[in-house]
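The values are calculated or read from the model by the stated rules, or taken from the named source; none is laboratory data. Not measured: the values here are computed from a predicted model. All Cβ positions, even for glycine, are placed from backbone atoms using ideal geometry, and neighbour counts span all protein chains on display. Heads up: the accessible areas ignore ligands, DNA and RNA and are worked out on the full protein's heavy atoms, side chains in. Shrake-Rupley method; radii C 1.70, N 1.55, O 1.52, S 1.80 Å.
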Amino acid sequence: MAWFSSPSDATTRLATAGYLADAATATTSFLAGALEKPLLVEGPAGVGKTELAKAVSRATGADLVRLQCYEGLDEARALYEWNYKKQLLRIQAATDGQAWEETHDDIFSEEFLLTRPLLTAIRRDAPTVLLIDEVDKTDVEVEGLLLEVLSDFQVTIPELGTVAATRRPFVVLTSNASRELSEAVKRRCLYLHLDYPDTEREKEIVTSQVPDLDDKVATQLVTAVARLRDLELKKAPSIAESVDWARTLLALHIDDLDAKAIDDTLGVVLKHSSDTERAVRELKLR
Amino acid sequence: MTLLDRHIAFLEALRAAGMPVSLSEDLDAVAALGLVGWGQRQQVHDTYAATLVKRQSQRETFDELFEIYFPRMVGEGFAAAAEPEGSRPARPADGPADLAAFTEELADALEADDLERLRQLASEAVGRFGSMPGRGPGMSSWSAYTTLRRLSTDELTLKLIEGLRRGGWTEEQAGRTAAKRVGSYQQMVEADARRRIAEEKGPDQIARITVRPTIDRLDFLSARRADLEALRREIYPLARRLATRLTQEKHARRRGPIDMRRTVRASISNGGVPLDVRLRPKRPHRTELVVLCDVSGSVANFASFTLMLVFALREQFGKVRAFTFVDDVHEVTDYFTPGSDMVDTMTRLADATSHAARFGRTNYGRAFGRFVEEHPDALGPKSSLLILGDARSNYSDLSLPTLRRMAASARHAWWLNPEARRNWDTGDSAASDYAAVVPMVECRNLTQLTEFVHDIL
Ligand SMILES: Nc1ncnc2c1ncn2[C@@H]1O[C@H](COP(=O)(O)OP(=O)(O)OP(=O)(O)O)[C@@H](O)[C@H]1O
Ligand SMILES: [Mg+2]
């Protein structure tokens with residue numbers, strides 16, 4: 001299956017799936033599918049990294065398999081694990097006459113295998129989007145594991161043999177860049193840096209998610225958000241926060257986003273008190 | 001130059017600028033370009049970016065080089081080519097009236113923040129006001145500097161601020177935005193001058209000379225205003241990455257020596273066989289840091305970055321105290337309250353320079369003397385001393401014995417010098433004299449700074 005037939009096809013179909021991609025995102029998504037290479041998406045929080053993977057799956061009708069990374073994630077949670085409880089039961093249930101060899105072969109079979117997201121994605125026959133989310137949260141050892149899986153798209157299980165992908169999944173890795181990933185992993189991936197969108201595209205995103213928002217307010221909102229992002233805050237407002245803000249304004253029936261309205265609702269967008277102080281001061285809200 | 005030649009030359013230039021482009025990435029780029037084709041410049045750009053640039057900090061360098069090797073236009077571009085032959089004046093229209101008209105147009109575009117228009121105007125400006133005719137073919141050149149001086153960017157900035165304020169912006173915001181827009185227009189002008197020179201002289205030569213290093217390798221001492229902002233924005237992410245790395249390394253090192261008592265006790269349940277080895281937890285040792293920074297002139301930037309980084313990592317240290325000096329000493333620890341705003345802190349730090357100066361000329365010897373006098377309790381057996389400065393003391397008395405006493409009373413002492421090592425000991429630099437007392441490390445950019453901070457933690 002071809003994922004996207006061209007960059008512009010990616011733009012159109014992602015848009016149909018509710019994701020408004022800029023040119024670089026569309027081109028890179030097209031390439032990731034066509035070259036069958038994993039796509040590493042980096043960028044600040046809430047700019048649509050995770051959402052891109054979900055949108056690819058919606059746009060192409062592929063199922064999404066998600067591996068959420070965290071500190072302490074290990075092979076047993078990421079790749080596969082033997083269901084030892086069930087194995088123990090099986091051993092105890094073995095009749096006296098049964099040879100150990102037989103029992104052994106039996107307990108290391110498909111029935112006792114617990115597949116985790118990486119193996120699941122590789123074994124699936126249907127088109128699959130594999131989302132490896134927040135990969136920077138893992139320990140360095142897991143990167144070694146990913147490296148193996150992402151280079152050859154195959155996994156060796158000593159007791160069962162090698163499982164190779166019949167169909168390569170569309171792999172998206174996301175990262176907040178809280179640490180640098182190893183060069184080796186990066187070399188195997190295509191790279192996309194997602195950043196805050198320009199005001200025009202942000203307005204499209206906001207109005208597509210909150211269609212009832214008044215056009216004037218939407219313009220005021222994205223302009224205000226852009227100004228806030230210029231302030232070098234600790235936590236700049238993300239797209240998700242713009243959308244939340246839009247919902248709030250709609251719920252409060254605010255039809256003009258003036259200084260007072262911004263001040264009253266700023267808590268939706270800014271999460272640190274020093275950021276709020278700075279915004280109030282620089283935008284002269286009070 | 002064929003496309004393949006250009007591709008190879010481009011990759012060479014990226015590598016020369018410090019980007020680690022591997023052979024497999026080279027092949028990926030070729031395969032990818034085979035799919036998207038060469039028809040659209042933006043797609044070629046995005047394809048190269050996706051396959052070759054794996055780190056956002058390299059992005060600016062990549063973009064600059066892309067502009068040189070794959071210019072958006074040749075000569076005066078489409079606009080000029082569309083005019084009928086002969087309708088263009090032989091000489092560029094660059095008289096005072098032309099300049100006034102052009103400036104007007106530019107001001108409008110800046111106020112509207114119309115990027116495409118601004119880019120055209122950048123190219124036009126270089127073509128009209130920045131040409132430096134040479135004596136023969138291949139000898140003429142283009143100067144961004146001349147262009148920008150003739151356009152007088154300061155006036156443009158003021159005008160833009162006025163315009164924005166009329167549109168309801170606050171003074172601070174208008175000022176910041178105007179500086180940013182004019183700054184980005186300046187960069188467009190510089191890029192266009194590079195493009196034109198590359199056209200005359202070939203891209204390789206110009207790439208070698210003019211492309212600036214990536215932000216993490218940029219010399220603190222040669223940073224421009226826009227760079228300072230970019231550098232400042234790097235500090236928190238950098239501190240965060242460093243902290244993550246340190247935590248991970250600490251976990252790996254967490255196991256201490258064998259705890260015999262607990263091991264023996266645990267062995268009882270196995271009939272005395274020590275199956276379970278118990279390890280003593282490692283006692284984390286936390287550095288107490290005393291930072292002493294030269295804040296005179298150009299070293300000031302270096303000092304404030306280092307301070308920002310140290311304080312962003314404050315949880316990693318037991319305690320941090322910071323002092324600034326020119327020829328007197330002033331404690332600035334309180335400026336770094338937790339959760340305080342980075343820009344404010346930097347501004348207050350800069351304002352406080354006057355407290356660190358008595359006669360206003362850097363005098364390391366005097367500053368060390370004053371430090372010992374005023375803060376005799378600052379250094380102790382648990383503390384580590386970190387001195388930041390270029391060791392340029394205006395040929396004054398160095399007070400080496402005082403520094404020796406300071407170093408002896410601390411657990412460790414280091415000196416970070418933001419100057420390139422080859423400049424040490426030139427002019428009034430007393431680098432070697434001081435380095436003989438306190439080990440001195442060259443620290444010219446963020447990469448070196450990160451490594452140093454990592455190593456002392
Ligand atoms: N291009 C886009 N088109 C439509 N919606 C978008 C787009 N980008 C972001 N969004 C919206 O922003 C929200 C946040 O995006 P997402 O959760 O993917 O961010 P993220 O980058 O993964 O953040 P984090 O780093 O916090 O995980 C999404 O739920 C989506 O509604
Ligand atoms: Mg996410």
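Peptide A:177-187 has a mean of 4 when you count, residue by residue, the C-beta atoms of other protein chains within 10 Å of its C-beta. Here the sum of -39500 (n - 2.57) over DSSP H runs of 4 or more residues, divided by the residues of chain B, equals -17000 deg cm²/dmol at 222 nm, to the nearest 500. Rolling a 1.4 angstrom probe over the stretch B:302-428 with all protein chains present gives an accessible area of which 49% lies on carbon and sulfur atoms. Shielding value for B:42-53 is 6, the average number of Cβ atoms from other chains within 10 Å of each residue's Cβ. Compute the helix-to-body angle for B:23-36: its Cα long axis versus the longest principal axis of chain B, expressed 0 to 90° and rounded to tens. Helix B:23-36 sits at roughly 40 degrees to that axis. Report the net charge of residues surrounding B:LYS319, where surrounding means a beta-carbon distance below 12 angstrom and charges are Lys +1, Arg +1, Asp -1, Glu -1. Its environment carries a net charge of +2.
Taken residue by residue and averaged, Cβ atoms of other chains lying within 10 Å of the Cβ of A:190-197 number 4.
The residues neighbouring B:ALA356, those whose beta-carbon lies less than 14 Å from its own, together hold a net charge of -1 under the Lys/Arg +1, Asp/Glu -1 convention. Take B:43-52, A:269-278 and order them by the average number of nearby Cβ atoms within 10 Å per residue, most first; the result is B:43-52, A:269-278.
Between the stretch B:306-370 and the stretch A:9-61, the C-alpha centres lie 46 angstrom from each other. Between the listed residues A:LEU73, A:TYR19, A:GLY46, the Cα displaced farthest toward the positive end of the dipole of the stretch A:1-76, a dipole computed from Cβ unit charges relative to the Cα centre, is found at A:TYR19. Think of the stretch B:91-213 as having a plus end and a minus end, set by charges on the Cβ of Lys, Arg, Asp and Glu; of B:THR153, B:LEU106, B:SER141, B:SER141 sits farthest toward the positive end of this dipole. Computed from point charges on the beta carbon alone (+1 for Lys and Arg, -1 for Asp and Glu), the dipole magnitude for chain B about its Cα centre is near 2460 Debye. Using only side-chain charges placed at the Cβ, +1 for Lys and Arg and -1 for Asp and Glu, the dipole size of the stretch B:91-213 relative to its Cα centre rounds to 520 debye.
The largest-to-smallest principal axis extents of the Cα set in chain B are 98, 66, 48 Å. A simple rule links phi to the HN-Hα coupling: the Karplus curve 6.51 cos²θ - 1.76 cosθ + 1.60 with θ = phi - 60°, which for the stretch B:403-413 gives 4, 4, 4, 4, 5, 5, 7, 9, 6, 9, 9 Hz, with x for Gly and Pro. For B:ALA436, neighbours were defined as the other residues whose beta-carbon sits under 13 Å from its Cβ, and their charges (Lys and Arg +1, Asp and Glu -1) total -1. Database remark: amide H of A:ARG66 closer than 5 angstrom to the amide H of A:LEU131 (H placed geometrically; neighbours at sequence offset of 5 or more, or on other chains; Pro and chain starts carry no H).
Take chain A with all the other protein chains still there, run a 1.4 Å probe, and you get 44 Å² of accessible area per residue.
Relative to the dominant Cα principal axis of chain B, helix B:96-112 is inclined by about 50°. What a 1.4 Å probe finds exposed on chain A is 50% carbon and sulfur by accessible area, rounded to a whole percent.
Using Cβ point charges alone (K and R +1, D and E -1), the dipole size of the stretch A:199-282 about the Cα centre works out to roughly 340 debye. Can you tell me the orientation of helix B:153-166 relative to chain B, as the angle in degrees between its alpha-carbon axis and the longest Cα principal axis, to the nearest 10? It works out to around 90 degrees. From its DSSP helices (H runs of at least four residues, each -39,500 (n - 2.57)), chain A gives a residue-normalised ellipticity at 222 nm of -14000 deg cm²/dmol.
In this assembly, the A-B interface accounts for approximately 3500 Å² of buried accessible surface in total, computed with a 1.4 Å probe and without ligands, DNA or RNA. Candidates B:SER354, B:VAL441, B:PHE323 compared by Cα position along the dipole of the stretch B:323-457: farthest toward the positive end lies B:VAL441, with charges placed on Cβ. Residues of the stretch B:340-370 that lose at least 10 Å² of accessible area (1.4 Å probe, protein heavy atoms only) when the other protein chains are present, relative to their chain alone, are B:ASP341, B:VAL343, B:ASP344. Filter the cross-link list A:LYS203/A:LYS284; A:LYS203/A:LYS234; A:LYS271/B:LYS319; A:LYS49/A:LYS86; A:LYS37/A:LYS271; B:LYS54/B:LYS382 down to pairs whose alpha-carbon distance in this structure exceeds 32 Å. Checking Cα-Cα distances, A:LYS49/A:LYS86; A:LYS37/A:LYS271; B:LYS54/B:LYS382 exceed 32 Å. Surface composition of the stretch B:91-213: carbon plus sulfur atoms hold 52% of the accessible area, using a 1.4 angstrom probe and ignoring ligands, DNA and RNA. Structural descriptor for chain B: relative contact order 11 percent, calculated from alpha carbon pairs under 8 angstrom and at least 6 residues apart. Entry note, the stretch B:3-69: relative contact order of 37 percent, from Cα contacts under 8 Å with a spacing of 6+ residues.
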